[in-house]
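Shown next, in structure tokens, is the structure this report addresses.
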Amino acid sequence: MPIHKAIIPAAGFGTRMLPAAKSIPKEMLPILDRPTIQFVVEEAAAAGIDDLLLITSRNKRAIEDHFDRDAELEQRLSSANKQSLLSSIQSLMAKVTVHSVRQPEQRGLGDAVNRARRHVGDEPFLCLLGDTIFSGGSSPAAQLVDAHRELGTALIGLEQVPPENVERYGIVGGTEIRPGVLKLDTLVEKPSKNNAPSHFAIAARYLLTPSIFDCLDRTTPGKGGEIQLTDALKLLLRKEPIHGIVLQSRRHDIGNPVDWLKTNLLLARQDPKLWDQLLPLVRSLLQ
Ligand code: UTP
């Protein structure tokens, strides 16, 4: 079945981004000229998604507003001949219909995904975390959609991490059926270096089958009282095969100030015009 739906969980408190994220959702913090979450929606749309569900929360209206039209602003820009300022978001909105649902309490990523049940219905869907973007190479969403066409199973995007960092991530174990594709047999949340089944970490991008919802219903709260998506995936693995796909592009988590700043710099470096303007400052700081 072709994949045309995606969900973007973006309801978390974002405590690592406080105080910046107190009243502005962290997903709305800009990377260069646009909010982080716009990059995520662009990634989904470029992979053929035309129906997208944002999972937000009480204090995150700004995300919903960003993907809505603002007739007064459009009129103002049009009379000043400055329509191009909104062109990136407008062309995106022409490709994808954006819906939203609220997660009433921040009970974890698994609980957030479970809010999508009714919207998703009975078809496989992409799940892209709203606070992580990727650059370079084939995009994760496109890679997962392509892999699903061939493998037909649930998929988890993976990133190889240094052995000393495995304890920060959900780590998968399995058999590499060909370079970059693992048939999974285990998932371990934050293992110690010596107990990690591999160095492949779960990397913010998933392609899920609708059976995940029954697994989420059966998942009891784990660490911090939260319903963990990884725990539900463990239950899914008992019912259905899951493959891990090593992502080709570079991951940027914007959920903490240092990585957010690094992401801005790295993406600025990829834009020659912008980098020319920044270079004198960068050079002077290095002297
Ligand atoms: P994080 O683990 O980064 O949690 O969530 P967080 O609350 O956003 O940030 P910190 O840890 O407090 O700084 C990973 C993803 O899951 C979503 C987040 O929005 C993010 O995309 N999430 C998390 C929810 O949608 N709901 C939740 O209850 C928790």
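Observations, loosely collected:
- For the range 270-275, 3J(HN,Hα) per residue [Karplus equation, 6.51 cos²θ - 1.76 cosθ + 1.60, θ = phi - 60°, Hz, x = Gly/Pro]: 7, 10, x, 5, 5, 4
- Under 16 Å of direct C-alpha separation, and excluding same-chain neighbours fewer than eight residues apart, Lys193 reaches no lysines at all.
- Top positive-direction residue, dipole computed over the chain with Cβ charges, set Thr263, Ile177, Pro124: Thr263
- Report note on the peptides 109-121, 255-267, 200-212: ranked by the mean count of other C-beta atoms within 10 Å, highest first, their order is 200-212, 109-121, 255-267.
- For the chain, built as a Gaussian network whose Cα springs stay under 10 Å, the top-fluctuating residue of Gly48, Gly136, Gly244: Gly136
- Shape class for the range 1-150: oblate, because the ratio a/c of the largest to smallest gyration tensor axis (alpha-carbon atoms, square roots of eigenvalues) is 1.5 or more and b/c is at least a/b.
- For trypsin sites (Lys or Arg not before Pro), the sites in the range 23-101 that DSSP calls loop and that have at most 12 other Cβ atoms within 10 Å are Arg58, Arg69, Lys82.
- Sites Ser138 and Asp51, calculated FRET efficiency, Cβ-Cβ separation with R0 25 Å, nearest 0.05: 0.70
- Solvent-accessible area per residue, Å², over the chain with all protein chains present [probe radius 1.4 Å]: 51 Å²
- Only helices enter this figure: runs of n ≥ 4 DSSP H residues, each worth -39500 (n - 2.57), summed and divided by the residues of the chain, yield -10000 deg cm²/dmol at 222 nm to the nearest 500.
- For the options Leu229, Leu86, Leu53, a Gaussian network treatment of the chain with springs between C-alpha atoms closer than 10 Å singles out Leu86 as fluctuating the most.
- Taking 0.36 nm per residue of separation and subtracting the current Cα-Cα distance, fully stretching the chain between Lys190 and Ile177 would add 2.2 nm.
- Simple label model, 7 Å out from Cα along Cβ direction - Val258 to Leu279, nm: 2.9 nm
- Here's the list of lysines a cross-link from Lys26 could span, going by alpha-carbon distance under 19 Å and ignoring same-chain residues fewer than 8 apart: Lys60, Lys262.
- Hits among aspartates and glutamates - C-alpha to C-alpha of Lys95 under 14 Å, sequence gap 8 or more where chains match: Glu42, Glu43, Asp50, Asp51, Asp68
- Only the Cβ atoms of Lys and Arg (+1) and of Asp and Glu (-1) were treated as charged; on that basis the dipole of the chain about its Cα centre amounts to roughly 460 debye.
- The accessible surface of the range 134-191, taken with every protein chain in place and a 1.4 Å probe, is 47 percent carbon and sulfur.
The values are calculated or read from the model by the stated rules, or taken from the named source; none is laboratory data. The structure presented is a predicted model; accordingly, all values stated were derived computationally and were not measured. Here Cβ is always computed from backbone atoms with ideal geometry, including for glycine, and neighbour counts include all displayed protein chains. Note: areas computed on protein heavy atoms with side chains; ligands, DNA, RNA excluded. Shrake-Rupley method; radii C 1.70, N 1.55, O 1.52, S 1.80 Å.
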